Structure formats: structure tokens, C-alpha cells
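Student: Dropping a structure here in C-alpha cells format, bear with me for questions.
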Amino acid sequence: MLDPTRRVERISWRASGRARGERTIPEETAVAFTYNGSSYAVMMATPQDLEDFALGFSLTERIVASPDEIETLEIVEEPIGIELRMRLTEPHATAFRERRRYLAGPTGCGLCGIETLTEAMRTPNAVADVSTFTPKEFMAALDALAGLQAINQMTHAVHGAAFYRRGEGLLALREDIGRHNALDKLAGALARNGIAGHGGFCILTSRLSVELVQKAAAIGIPVLVAVSAPTALAVRTAEAAGITLVAIARKDGFEVFANPQRIQEEEAAHVLV
């Protein structure tokens, strides 16, 4: 399997002049998702945590509802990329074939197997989790994340997605050149370890686009915290899904764009059962 990073030669130009040297950069490869022999999507990704990627993508794209619906997974390295070959259990395999047959007619970009506006603008799952968190918890999680991003520390060129829960800290962290891929890998890691999305929040080192909100809703995460700003569509989607959006999160604070009721100033933040 490919290494997630590569050491390459480069020439740097600075005020002091030109110098030859080396730099560590992230690897990028095409990763194809196939189900029961049918191609579904090809993503450019970092070749690491591919089992998590396969499961997380399948869950967040709502191809499956649980890991048990994937009967087998084979990771096949080809000369031009990597294929994640999954076989679904019945009746899910039949349902997938019907979905692909329905989508075969329309013309579209085919991104992630989506070929219609209706599919792209799918209604997200409602997240009813009433967990609350303090600003101090967001700041602590952001500080912890910065020191744990191994690939980004070497390359300064990949996104991270992490999941935090009170009393347990950061339970999982995944990195990738793509922000969507990082969240998919995180979703897979949580599912493989039996960790539910409720009662915690996800931190993203990227902007908040609508796909990230849709994916968070699919796995039941009630709060998204990002270092950059959200899009307007992401805010509208989060409001409809009941997800709290915390963005532009830096050392000096953050801004809340949707469902602020989960953020409590007092230390006695709690989870209602």
C-alpha cells in the first residue's frame, strides 16, 4: 500500500536567496468505491485508513445504515489507484442495484454517485441530541487536535476530523487531503469501534460546506466545530437538521451560526437523557 506521505526534492526561494532541499508532502491517489461489482464513485484521497474510508463513506452517503450490511470488503491496489470492493448483504444489494438503475438515465456530474438535483439536495436526518457543551470544551479540543495531526505536522497540507466527548477527550482522529474524506474516515472509525455520534462534537480543520452537514447528520453528530466559515446552504441545512454550527473557531473564540442552544456558558453543561 502507498505511504500517506512522500519526501521530494524542491528549490526554495527566500529573501536570503535560493536553496535546494527536500520537503514532505501528502500522497494523493484515486480511490474507487464499488458495491457488488458496480462502480459508485471515485475520490482523490490520502491512501491511509482505507477500511474506515470504505465504511464511513458508505454510511454517510446512506448506501448502508450499519456496518453489518457490508458483507465483505477487499482493498485492491491497482497501478493507477486503489479500489475498495464491497459486497452488500441482501436485501441491501438489490436495493443498491435498483438505485443505480434509477440513476442511469439522467445526465449529471455523477459526483459520489449523485446524478440529480434531488439527490444532491437530499433532506438530512434530524439530530435530536440535546447534549450541551461549554466554550472551554471547544477550545480544549481544538488545542488537542493541533498536536495530534501527525500527517499535517509533516506536510501542512491535509485536513483533520476528530470526535470529542466530555470526560473522554478526543476519541478518534482521521486525516486526508479532502475534508469530506477526513470526515468519512472518522465516521468509519467511530462505527468500527462502536462509538455513536450522540453526546459529542466533531472538529473540522476546514470550511463548513453542505456535504459535511449532511454527513454529520447521517451519523448523528449534534455539533460541528470548524476553523473556517460555513456556506449559507450549510447554515440552512444545519438549522433544518438540528445541528449546531460553530465556525471560525480560533484561539480567541468562535462564532455560532445555527442552533446555539447546545452551548452553555456555565461549567455545569450536561446531557439530558
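Student: Counting only residues that are assigned to a helix (DSSP H, G or I) and surrounded by fewer than 21 Cβ atoms within 10 Å (Cβ to Cβ), which one in the stretch 52-77 is nearest to the chain's Cα centre (by Cα)?
Tutor: Going residue by residue through the stretch 52-77, those that are assigned to a helix (DSSP H, G or I) are 52-60, 67-69.
Subsequent filtering for residues that are surrounded by fewer than 21 Cβ atoms within 10 Å (Cβ to Cβ) retains 67-69.
Values: Pro67: 17, Asp68: 20, Glu69: 20 Å.
The selected residue is Pro67.
Student: Taking the condition of being modelled with pLDDT of 95 or more and out of contact with any Pro (no Cβ under 8 Å at 6 or more places or on another chain), how many residues in the stretch 118-129 meet it?
Tutor: 0
Student: Same structure, new question: Quick one: Met43 ticks every box in (1) free of Cβ contacts under 8 Å to residues at least 40 places away in the same chain; (2) under 18 Å from Gly160 (Cβ atoms) bar one, so which box is it?
Tutor: Against the list (1) free of Cβ contacts under 8 Å to residues at least 40 places away in the same chain; (2) under 18 Å from Gly160 (Cβ atoms), Met43 comes up short only on (1).
Student: Taking the stretch 17-38 only, how many residues are over 26 Å from Ile177 (Cα atoms) and of a type outside the set (D, E, K, R)? Walk me through how you get there before you give the answer.
Tutor: We begin by selecting, within the stretch 17-38, every residue over 26 Å from Ile177 (Cα atoms); these are 17-19, 36-37.
Going one step further and asking which of them are of a type outside the set (D, E, K, R), we end up with 17, 19, 36-37.
Total meeting the criteria: 4.
Student: Moving on. Considering only residues that are of a type in the set (D, E, K, R), at pLDDT 95 or above and on the phi < 0 side of the Ramachandran plot, which ones fall in the stretch 33-67? Lay out the reasoning, then the answer.
Tutor: Residues of the stretch 33-67 of a type in the set (D, E, K, R): 49, 51-52, 61-62.
Among the residues that remain, those that are also at pLDDT 95 or above are: 49, 51-52.
Of everything in the stretch 33-67, those that are of a type in the set (D, E, K, R), at pLDDT 95 or above and on the phi < 0 side of the Ramachandran plot turn out to be Glu51, Asp52.
Student: All but one of (1) under 15 Å from Glu78 (Cα atoms); (2) not in a strand (DSSP E or B) hold for Met43, so report the exception by its number.
Tutor: Among (1) under 15 Å from Glu78 (Cα atoms); (2) not in a strand (DSSP E or B), Met43 violates only (2).
Student: Picking from Ala144, Ala216, Ala191, which residue would you name as being surrounded by 24 or more Cβ atoms within 10 Å (Cβ to Cβ) and assigned to a helix (DSSP H, G or I)?
Tutor: Details: Ala144 fails: surrounded by 24 or more Cβ atoms within 10 Å (Cβ to Cβ); Ala191 fails: surrounded by 24 or more Cβ atoms within 10 Å (Cβ to Cβ).
Answer to the check: Ala216.
Student: When the stretch 149-179 is examined, which residues are found to be touching a residue at least 60 places away in the same chain (Cβ under 8 Å) and either in a helix (DSSP H, G or I) or not assigned by TED's automatic domain parsing to the domain that holds Ala191 (or both)?
Tutor: Here is the first cut: in the stretch 149-179, the ones touching a residue at least 60 places away in the same chain (Cβ under 8 Å) are 151, 154-155, 157-158, 166, 174-178.
If the condition is that a residue be touching a residue at least 60 places away in the same chain (Cβ under 8 Å) and either in a helix (DSSP H, G or I) or not assigned by TED's automatic domain parsing to the domain that holds Ala191 (or both), then Ile151, Met154, Thr155 are the ones that fit.
Student: In a strand (DSSP E or B), touching a His at 6+ places or on another chain (Cβ under 9 Å) and not assigned by TED's automatic domain parsing to the domain that holds Gly178: is that true of Met86 in this structure? Steps first, please.
Tutor: Details: in a strand (DSSP E or B): yes; touching a His at 6+ places or on another chain (Cβ under 9 Å): no; not assigned by TED's automatic domain parsing to the domain that holds Gly178: yes.
Against the criterion (in a strand (DSSP E or B), touching a His at 6+ places or on another chain (Cβ under 9 Å) and not assigned by TED's automatic domain parsing to the domain that holds Gly178), Met86 does not qualify.
Student: Would you confirm, using the coordinates I've provided, whether Ala226 is over 13 Å from the mean Cα position of the chain (by Cα), at pLDDT 95 or above and crowded, with 20+ Cβ neighbours inside 10 Å? First the steps, then the outcome.
Tutor: Working: over 13 Å from the mean Cα position of the chain (by Cα): no; at pLDDT 95 or above: yes; crowded, with 20+ Cβ neighbours inside 10 Å: yes.
Taking the combined requirement at face value, the residue does not satisfy it.
Student: Going through the stretch 224-234 one residue at a time, which ones are among the aliphatic types (A, V, I, L, M) and closer than 22 Å to Tyr164 by Cβ? Reasoning before the result, please.
Tutor: The initial filter retains those residues of the stretch 224-234 that are among the aliphatic types (A, V, I, L, M), namely 224-227, 229, 232-234.
Within the stretch 224-234, Leu224, Val225, Ala226, Val227, Ala229, Ala234 meet the criteria.
Student: Follow-up question, since we're still on this one. Within the stretch 240-273, which residues are at pLDDT 95 or above and closer than 14 Å to Arg207 by Cα?
Tutor: Answer for the stretch 240-273, where residues must be at pLDDT 95 or above and closer than 14 Å to Arg207 by Cα: Leu245, Val246, Ala247, Ile248, Ala249, Phe254, Glu255, Val256, Phe257.
Student: Please go through the stretch 215-226 and give me each residue that is of a type outside the set (A, V, I, L, M), touching a helix residue (DSSP H, G or I) at 6+ places or on another chain (Cβ under 7 Å) and closer than 18 Å to Arg122 by Cβ, ordered by number. Even if it seems obvious, please write down each step before you answer.
Tutor: The initial filter retains those residues of the stretch 215-226 that are of a type outside the set (A, V, I, L, M), namely 215, 220, 222.
If we keep only those that are touching a helix residue (DSSP H, G or I) at 6+ places or on another chain (Cβ under 7 Å) too, we end up with 215, 222.
The answer is Lys215, and nothing else.
Student: Out of Ala229, Ala258, I need the residue that is in contact with a helix residue (DSSP H, G or I) (Cβ under 6 Å, 6 or more places away or on another chain), of a type in the set (A, V, I, L, M, F, W, C) and farther than 10 Å from Val213 by Cα. Which one? Talk me through it step by step, then tell me what you get.
Tutor: Numbers: Ala229 fails: in contact with a helix residue (DSSP H, G or I) (Cβ under 6 Å, 6 or more places away or on another chain).
Residue meeting the stated conditions: Ala258.
The values are calculated or read from the model by the stated rules, or taken from the named source; none is laboratory data. All of these numbers come straight from a predicted model, not from anything done at the bench. When we count neighbours, we look across all protein chains shown, and the Cβ atoms used for this are built from the backbone with ideal geometry, even at glycine.
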